[in-house]
Amino acid sequence: MKFSIGDLVRVKKTGEEGTVRDILEDDMFEVNINGTVFPVYKDEIEHPYLHWFLQKQKVNKVKKSVLVEDLPADKKKKKQDLVHHQPGFSLQFLPEYEHDGFEEVVTRLKVYLINQSIYHIYIDYRCELKIGSFFSLKTDILPFQTFYLHDIPYSIMQEQPEFKWIIFTDKKEKGPRFEDSLRIKPKKLFEYLNRIHFLNEPTFSLQIAAVEQPDTAMEAFAEPDDTLKEEFDDIFSQPALPAVKYEIDLHIEKLDSRHKYMDAFEKLSVQLQAFEQAMNDAIRTQQDHLTIIHGVGNGKLKQEIHKLLRVQYEAYCYFVHDYMPRYGMGATQVIFRK
C-alpha cells in the first residue's frame, strides 16, 4: 500500500485518523493526528476508505426500511413543498435522531433560514405556540447564506407551532417586503420526514417567498446594434469574453486527468490556478456571485483560497463559508461588490 504526503490514514491499532506529514524511510512515516505528530511503521497504518465504507454499510442495515406502498402519493406540488435551491427564501428543517433500542426516532429539528438570493436581507422571525412565544429573532442575513435560527423539540412540532416572518430586502424597509406565516400539520410533517428518509437526504425545505434576481451579467454585455458593432470592429477586434459560470469545482479529478501522477504540491498548484482563473473571469463578466467547491478534506485548499480572497481579491468581493444544503461545508460563496 502506497502513501504520499497529505494522504488521509488510519492507525490500525487505535482507529485514530490523521494525515501523512513526512516520509522518514521507505517503511516509516510521520503522521499528524489532532495536532500530535509521531512516527509510525508502514504496516501500522492504512487508508481509511474501506473502514468508512464498512461502517456505512452497518449503519444502513440498522436503519428502518421504508416500503414503497408506505410513501405518500406523488401529488402536484404546492407553493410550500419540498424545494431545492430555488431563488428566494426557504425554511429548512434538519431532523436529529436517537435510537430507542428498536429504531431511530426523531427527537428534535434544527430550523434554518436559507437566503438563496443576491439580497442582503433583514428578517423579523417568530415561532409561536398556542400558549405564547417559543422563539423570536430580528437579524440580517447575507446573500446565499444558510442561517441557523433555533432547535425545536419534535413533541412541540406535533402541536403545530406557527412560524411567522417579515423579510425586507432593504435596510431602510423601502424595498420589497415579504410577510407570511406557516403551520405544518403532523400528517404533513410525517410525510416530509418519510420522504427524506427514503431519498437519503438530511433535510427538507419549504419555500416561503420567491424573488426575481436580475441577470446583471447578461444585461451588462447585451449585444450592441449592428451599426455600432460594425464601427467598433473597424477600429479593433475585441477578444471574446469568457462564458459566465456561477460555480467552479476544484476537485483535482475534475481539473486534470493526470492527477494520479501528481504529488500534493502539484495538485494544490493546479487547483489554485483554476481558482484564480475562475475569479478573474467572474470579475471580467461582472457576475453577482461565484460558488467555489473545494470539498472538506484536510482544509489546506480551503485555507489557501480564503487567504487569496482576503488579500488578492478583497477589493472586488467578500465571501461566506457556511453550511450550504447542496455542498455542506465543502464550498465557499463569493459575492462580488457592485
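The values are calculated or read from the model by the stated rules, or taken from the named source; none is laboratory data. Given the structure is predicted, the values throughout are model-derived calculations rather than measurements. Don't worry about glycine lacking a Cβ; one is built from the backbone with ideal geometry, like all the others, and counts go over all protein chains shown.
Identify the residue in the stretch 313-338 that is more than 8 Å from the chain's Cα centre (by Cα) and not in a loop (DSSP other than H, G, I, E, B) and, among all such residues, is surrounded by the fewest Cβ atoms within 10 Å (Cβ to Cβ).
Ranking the qualifying residues of the stretch 313-338, first place goes to 318.
Among the residues of the stretch 31-49, which ones are within 36 Å of the chain's Cα centre (by Cα), exposed (fewer than 15 other Cβ atoms within 10 Å of the Cβ) and among the acidic types (Asp, Glu)?
Answer for the stretch 31-49, where residues must be within 36 Å of the chain's Cα centre (by Cα), exposed (fewer than 15 other Cβ atoms within 10 Å of the Cβ) and among the acidic types (Asp, Glu): there is none.
Can you pull out every residue in the stretch 129-167 that is assigned to a helix (DSSP H, G or I) and of a type in the set (Phe, Trp, Tyr)?
Passing the criteria: only 154.
Can you list residue pairs whose Cβ atoms sit under 6 Å apart, with the first residue in the stretch 14-27 being assigned by TED's automatic domain parsing to the domain that holds residue 41 and surrounded by 14 or more Cβ atoms within 10 Å (Cβ to Cβ) and the second being part of a strand (DSSP E or B) and acidic (Asp, Glu)? Count only pairs 6 or more apart in sequence or on different chains.
Matching pairs, first to second residue: 21/30.
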